[in-house]
Amino acid sequence: MSQQKENHLYVQVVLPLALPGTFTYHVADELQQVVSVGQRVVVQFGKQKIYSALVWNITDVEVPSFTTKPIISIIDELPVITSAQMELWKWMADYYLCTIGEVMAAALPSALKLQSETKIQLHPDFKTDQVLADEREYIITEALQEKKQLSIAEVSRLLLLKQVMPVVKSLLGRNVIEIAEEMVEKYKPRYAAFVKLSNKANDEDFMREAMESMERRSPKQLDLLLFFMRMKQDEETELVSRTLLLKRSKLSAAVLQGLVKKEILEIVEIQTDRLSQTSFDEAIDPLPLNDAQEQCKKEISGSFLKEKVVLLHGVTSSGKTEIYIHLLKEAIDRGQQAVYLVPEIALTSQVITRLRKHFGNKLLVYHSRFSDNERVETWNKVLSHIPGSTDGQLIVGARSAIFLPVSNAGLIIVDEEHDNSYKQTDPSPRYHARDTAVWLGSTMKAPVLLGSATPSLESYYNALAGKYILTSLNSRYGEMIMPEVTLVDVKDAYKRKQMHSHFSGKLIEMMKQSLQNGEQVILFQNRRGFAPVLECRNCSWVPHCINCDVSLTLHKQKQEIRCHYCGYSTTPPSSCNACGSTDLRMKGFGTEKIEEELQLLMPGYRISRLDHDTARSKKSFHQIISDFDNGDIDVLVGTQMVTKGLDFKNVSLVGILNADQLLNYPDFRSHERAFQLMEQVSGRAGRKKVSGKVVIQTYNTKNIVLRYVMEHDFRGFYNHELIERSKFNYPPYFRLIECSIKHRDEAEAERAARLFAKELSEVFGKRVLGPTQPNVARIRNLYIRQILIKLERKLSVMEVKKKLQKAIDFYRKEPANRNVILNIDVDPY
Ligand code: ADP
Ligand code: ZN
Ligand code: ZN
């Protein structure tokens, strides 16, 4: 017996949990031939629970000194991640001071990390008379018909433990069942009607006769047909939107129906974001670049040869996306894979439609709104790519797409690289997808391109320092000039009685001008809701959240005051809780109020709102965007949602209602953010045919940041801001690590924070600041203290991390700290 033990094979596995290190299991004889690194195996962990764990390492020499459990079964025939990925996970755990299990949890779609608690349910396509593989599958589906949802643990009570995961995996793969995701907002496909020529219409004789007869008997049908042909030609497409056709031709649906009856035209319903999959025209070639773009692309390719990261700074509408399309095509034509990262929000809109035109269904979209099954499908396509094959070549996705198992990367693009949605703030790993992309590129020897109209200060600094190569596009594509910016002094306007509530006379006048010209307007206010504060005029009492240290925002339509941190809401008070006075006033304003006031100021115009509230309810984000695009909305009021990667043809005016709120936010990045936001939102004005204007309302027209925005002076702003950052030891000159300590009891939070700060000071000395109370010192009933560590750039990152990890381990070992939350955020945003 003891001899046999020496023949055992051991595996170290990772569990998708916040536990440090790997866990050792032994492999039974019959599995020894098939187990390999990167595969998932089922293991028991603790007394009750089973998990699918990832094999990290296999050893047959070192016999552990403790008794091990066996792995229960092997789920995958082949590894689900690549060795490059494992390197990435390791780096991420070290750099962001988290466990590999946490990285695993962030990286894998749910269906790839099944565990006892994972809930499954029947797939919507499941039919009760479906033929299944075996008895076990019948047992599971029958149980699901009865109970709707089952956890894996419950399933394992129905079957033998050993068999559960493989059966579940097989059922998932065949769309018999799906992972139940209560939290995830389900992605709803949108359908739209399109008009196309029928097959019959290809017959010239048929068409000639039909047209001759229409000329005599139904001239309106002929008009519509010709109009259709022209639109089809103009837009270089086989499919013309039914709505647009009728609207632009000003002809009726009955006329169109006549043409359908004659079998000349057909109407098809198509899922709009899957357009090209059903459209029959072949993907079209990228548009030819102009000289500036061509030059820029040459510089980029040249820098790639030198294995340098490129930062493309191109003003809004300069044609960056067009260059990306060329580079993406080159990479996949070489038989390699390409990853194109965009901010999450941009994915629901125009970018995809644009890429689909060129890449058809080669394009894989990886997106949190897709179901887990769809995400696993994409994962597997990317994983099964072999060099030279056309499978899994091109991915567009938000930050988590950086985890896809790419093995043959020929290009990684990070578009809008300054965007803070690339940073995951919670939960751990608190990684930055741009920085991860740069790391990945250098280890995988893949070219990395960062693009933005308003680069982050970090990237710009890296370019100045020679770490990246900077390439610029300084003018807009075509003859378009940069939008003209006007500042309005709100204080002065009030004095002269030129303010109509939150709108200056100047802004109203310019809005009227644009609207009368048939152009559109965007109004930007980076605050949702009606009014952020309700205050008693008598004693200054303000309603606060019961769970957080913040005031509640009034949402008028819903008749509630709500916390934007925890979601708590209640009905607005009619009188003061402190003194009983009924004289409550609203302070400040959000998008909802702007929308309401505008309805009164500009009657007869169609006004809509785009923010988290509207995008979630009533109409979808996608719907509002396409309505605005089609001209069904005249004025769009929005938060920063309107700034991200949208391209509208007919917007001539952008109004920024309250620049001060952006500029005065208490954070060292507030000026950088304000500059980026204002520049980005201004960039929505005057694309394509109309020229653009921007009005910025402010109490402080002398603010230096506004001056730079007026001149669109990027270099000026960056150089100014760099000096500020260097004066106060902030990034990019220093690296920051932010430690947050949280507890339900304030004294406990304070005690633990002091203890940890003291420990850190022993290692890092004066580089440790705090503990301090953050601006919002209590969220969801947890009191928060923060410690900031400022580190010189010349210090070795990994050395620092090692010392810090030691301090963290020491802190966590102390029993008194066990219930105190400690979050570490490396490079906080
Ligand atoms: P950016 O990504 O810098 O904002 P885009 O690539 O979206 O700029 O280009 C702005 C507009 O100019 C788009 O409508 C795009 O279709 C058009 N455009 C850019 N480059 C070309 C080109 N080479 N040929 C034709 N149109 C172009
Ligand atoms: Zn009061
Ligand atoms: Zn709250």
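Which strands (runs of 3 or more DSSP E) sit wholly inside region 406-496 and have at least 1 residues that are more than 24 Å from the chain's Cα centre (by Cα)?
Details: elements: 409-415, 448-452, 468-473, 484-489.
Ranges flagged: 468-473, 484-489.
Among the residues of region 124-163 satisfying the criterion of being under 24 Å from Ile71 (Cα atoms) and small (Gly, Ala, Ser), which is modelled with the highest pLDDT?
Only one residue fits best here, namely Ser151.
Determine which single condition Val42 fails, assuming it passes every other condition in (1) exposed (fewer than 13 other Cβ atoms within 10 Å of the Cβ); (2) touching a helix residue (DSSP H, G or I) at 6+ places or on another chain (Cβ under 6 Å).
Result: Val42 fails condition (1) only.
Which one is modelled with the lowest pLDDT among residues in region 315-343 that are small (Gly, Ala, Ser) and more than 22 Å from Lys423 (Cα to Cα)?
Checked region 315-343; the qualifying residue modelled with the lowest pLDDT is Ser317.
Yes or no: region 93-111 includes at least one residue that is over 28 Å from Leu19 (Cα atoms) and part of a helix (DSSP H, G or I).
Here is the first cut: in region 93-111, the residues over 28 Å from Leu19 (Cα atoms) are none.
Within region 93-111, none of the residues are over 28 Å from Leu19 (Cα atoms) and part of a helix (DSSP H, G or I).
Across region 157-180, what is the number of residues that are part of a helix (DSSP H, G or I) and either of a type in the set (A, V, I, L, M) or surrounded by 21 or more Cβ atoms within 10 Å (Cβ to Cβ) (or both)?
Filtering region 157-180 down to residues part of a helix (DSSP H, G or I) leaves 157-158, 161-173.
Still in the list and also either of a type in the set (A, V, I, L, M) or surrounded by 21 or more Cβ atoms within 10 Å (Cβ to Cβ) (or both): 158, 161, 164-165, 167-168, 171-172.
Qualifying residue count, region 157-180: 8.
Only residues in region 149-176 that are at positive phi count as the first member; pair them with residues that are outside any strand (DSSP E or B) and of a type outside the set (Phe, Trp, Tyr), Cβ under 6 angstrom, at least 6 apart or cross-chain, and list the lot.
What qualifies is Asn175/His123; Asn175/Asp125.
For region 184-191, indicate whether the set of residues that are surrounded by fewer than 21 Cβ atoms within 10 Å (Cβ to Cβ) and either modelled with pLDDT of 80 or more or assigned to a helix (DSSP H, G or I) (or both) is non-empty.
First, the residues of region 184-191 that are surrounded by fewer than 21 Cβ atoms within 10 Å (Cβ to Cβ): 184-191.
Keeping just the survivors that are either modelled with pLDDT of 80 or more or assigned to a helix (DSSP H, G or I) (or both) gives none.
No, there is no match, as no residue in region 184-191 is surrounded by fewer than 21 Cβ atoms within 10 Å (Cβ to Cβ) and either modelled with pLDDT of 80 or more or assigned to a helix (DSSP H, G or I) (or both).
For residues that are touching a Pro at 6+ places or on another chain (Cβ under 9 Å) and outside any helix (DSSP H, G or I), scanning just region 791-825, find the one that is farthest from Arg754 (Cα to Cα).
Looking at residues that are touching a Pro at 6+ places or on another chain (Cβ under 9 Å) and outside any helix (DSSP H, G or I), I get Arg793.
When Val42 is evaluated against the numbered criteria (1) of a type in the set (Val, Ile, Thr); (2) closer than 20 Å to Glu117 by Cβ; (3) in a loop (DSSP other than H, G, I, E, B), which criterion, by number, is the only one it fails?
Checking Val42 against (1) of a type in the set (Val, Ile, Thr); (2) closer than 20 Å to Glu117 by Cβ; (3) in a loop (DSSP other than H, G, I, E, B), the one that fails is (3).
Among the residues of region 123-138, are any among the hydrophobic types (A, V, I, L, M, F, W, C) and not in a loop (DSSP other than H, G, I, E, B)? Give the derivation first.
Step one: list which residues in region 123-138 are among the hydrophobic types (A, V, I, L, M, F, W, C), which gives 126, 131-133.
Now restrict to residues that are not in a loop (DSSP other than H, G, I, E, B): none.
No - not one qualifying residue is present in region 123-138.
Among the listed residues Leu653, Leu662, which satisfies the condition of being within 23 Å of Lys693 (Cβ to Cβ), at pLDDT 85 or above and assigned to a strand (DSSP E or B)?
Numbers: Leu662 fails: assigned to a strand (DSSP E or B).
It is Leu653.
Please list, ordered by first then second residue, the pairs with beta carbon atoms under 6 Å, 6 or more apart or interchain, first in region 238-255 and closer than 25 Å to Ala283 by Cβ and in a helix (DSSP H, G or I), second β-branched (Val, Ile, Thr) and modelled with pLDDT of 85 or more.
Arg242/Val195; Leu245/Val195
As an exercise: evaluate Ala84 against (1) crowded, with 22+ Cβ neighbours inside 10 Å; (2) farther than 17 Å from Tyr10 by Cα and give the number of the one condition it does not meet.
Answer for Ala84: the failing condition is (1).
Table: residues versus (1) surrounded by fewer than 18 Cβ atoms within 10 Å (Cβ to Cβ); (2) within 16 Å of ligand 3 (Cβ to nearest atom); (3) part of a loop (DSSP other than H, G, I, E, B).
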residue: Ala674; (1), (2), (3): no, no, no
residue: Gln680; (1), (2), (3): no, no, no
residue: Arg684; (1), (2), (3): no, no, yes
residue: Ser691; (1), (2), (3): yes, no, yes
residue: Val695; (1), (2), (3): no, no, no
residue: Asn700; (1), (2), (3): yes, no, yes
residue: Asn719; (1), (2), (3): yes, no, no
residue: Ser726; (1), (2), (3): yes, no, no
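Which pairs turn up if I take residues in region 465-484 that are of a type in the set (Lys, Arg) and look for partners that are assigned to a strand (DSSP E or B) with beta carbon separation below 8 Å, at least 6 apart in sequence or on another chain?
Note: pairs meeting the criteria are Lys467/Val309.
Conditions: (1) over 24 Å from Ala674 (Cα atoms); (2) assigned to a loop (DSSP other than H, G, I, E, B). Pro731 meets all but one. Number of the miss?
(1)
Filter region 533-589 down to the residues that are without any contact (Cβ under 8 Å) to a residue 24 or more places away in the chain and within 10 Å of ligand 2 (Cβ to nearest atom), then identify the one that is surrounded by the most Cβ atoms within 10 Å (Cβ to Cβ).
The qualifying residue surrounded by the most Cβ atoms within 10 Å (Cβ to Cβ) is Val542.
The values are calculated or read from the model by the stated rules, or taken from the named source; none is laboratory data. Please read these numbers as outputs of a predicted model, since none were measured by experiment. Positions of Cβ are backbone-derived with ideal geometry, glycine not excepted, and every protein chain shown enters the neighbour counts.
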